[in-house]
Amino acid sequence: MDVSGYPKVELLATAEKECCSILRLFPEQYLGMKLSLVRAGRTLPKGTFKKRDAQKLCRVDVNKTSKVFEWFCKLGWIPHASTRLNHSHQQPENGQGQQYQQMDFC
């Protein structure tokens, strides 16, 4: 899905646009998920915010939410107790001359 013509696409980094295209999410929908997931992940005690909680929080297909949740954990945006995910502990980039890590679930 080409997301270039949708509202709020200018707020997304290249990797986020790719995420939206692959998962067939509208940019506004993705931004809502991002806000909800990151806020919940940072508000709750470390390691208590699970994928199941993310799926309940977002009104999006559970498989899409799972992919985004795992990506955010890898970026370090959501502190996660699982050692199954490969954490980089690298701070996420904000799109101002810097890059997000590419999604590797495709």
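The values are calculated or read from the model by the stated rules, or taken from the named source; none is laboratory data. This is a predicted model, so every value here is computed, not measured. Heads up, the Cβs are rebuilt from the backbone with ideal geometry, glycines too, and the neighbour counts pull from every protein chain shown. All accessible areas refer to the heavy atoms of the entire protein, side chains included, with ligands and DNA or RNA removed. Shrake-Rupley method; radii C 1.70, N 1.55, O 1.52, S 1.80 Å.
Points worth noting:
- Looking only at residues in segment 1-49 that are hydrophobic (A, V, I, L, M, F, W, C), open to solvent by 80 Å² or more (accessible area, probe 1.4 Å) and part of a helix (DSSP H, G or I), the one that is farthest from residue 74 (Cα to Cα) is 11.
- Of all residues in segment 32-46, those that are within 13 Å of residue 69 (Cα to Cα) have Cβ atoms under 9 Å from Cβ atoms of residues that are of a type in the set (Val, Ile, Thr) and assigned to a helix (DSSP H, G or I), 6 or more apart or on another chain, in 33/65; 33/68; 34/68; 37/65; 37/68.
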